[in-house]
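> Before we start, here is the structure in question, set down as structure tokens.
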């Protein structure tokens, strides 16, 4: 029986199944994989190195959101929804990624719907992680804590 996937990462089975439609790309330190606001062209799977996730804070300023290491999946929500990338991804060091073009990835999921639930789970993990980041950023000492929806319902 295969092991369950690690949160934020595709399972080994899904990665192996994508072998036929992915290409491997190398990026030197500081090179962009994709930029915030650009059309989502596909999914990036970090194989080695690190990728810095950056958000625009001003015209020429960016803030570090997160550093992603091997196994991280980047650009998934934009690839599925057709929306632009929501952050800039930049190599933090020499980095190798696998790239799966958007149309090939969508066709793959239609043909292999057994992996669709894994992708849905991963999108849910992303949403859950963003929710917690937002909560941490917006929390201020002395500010009244609002009860969560779960707490209100129970």
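> Out of all the residues in the range 20-45, which are over 18 Å from residue 102 (Cβ atoms) and touching a strand residue (DSSP E or B) at 6+ places or on another chain (Cβ under 6 Å)?
Answer for the range 20-45, where residues must be over 18 Å from residue 102 (Cβ atoms) and touching a strand residue (DSSP E or B) at 6+ places or on another chain (Cβ under 6 Å): 26, 27, 29, 31.
> How many residues does the range 6-35 hold that are at pLDDT 95 or above and either part of a loop (DSSP other than H, G, I, E, B) or within 13 Å of the chain's Cα centre (by Cα) (or both)?
So the count comes out to 9.
> If you don't mind, another one. Pairs needed: first member in the range 9-31, within 21 Å of residue 88 (Cα to Cα); second member anywhere, in a loop (DSSP other than H, G, I, E, B) and at pLDDT 95 or above; C-beta distance under 8 Å; at least 6 residues apart or different chains.
26/94; 27/49; 27/94; 28/94; 29/92; 29/93; 29/94
> At least 1 residues that are exposed (fewer than 13 other Cβ atoms within 10 Å of the Cβ), more than 14 Å from the chain's Cα centre (by Cα) and modelled with pLDDT of 95 or more in each: list the helices (runs of 4 or more DSSP H) lying fully within the range 55-154 that qualify.
Per the criteria, 102-111.
> Let me ask another. Check the range 8-16 and report whether any residue there is farther than 20 Å from residue 105 by Cβ and touching a strand residue (DSSP E or B) at 6+ places or on another chain (Cβ under 9 Å).
Within the range 8-16, not a single residue is farther than 20 Å from residue 105 by Cβ and touching a strand residue (DSSP E or B) at 6+ places or on another chain (Cβ under 9 Å).
> I'm trying to understand the selection: among the residues of the range 36-54, which are out of contact with any helix residue (DSSP H, G or I) (no Cβ under 6 Å at 6 or more places or on another chain), part of a strand (DSSP E or B) and within 30 Å of residue 112 (Cα to Cα)?
44, 45, 46, 47, 48, 51, 53
The values are calculated or read from the model by the stated rules, or taken from the named source; none is laboratory data. Please read these numbers as outputs of a predicted model, since none were measured by experiment. Using ideal geometry, Cβ is built from the backbone for each residue, glycine included, and neighbour counts are taken over all protein chains shown.
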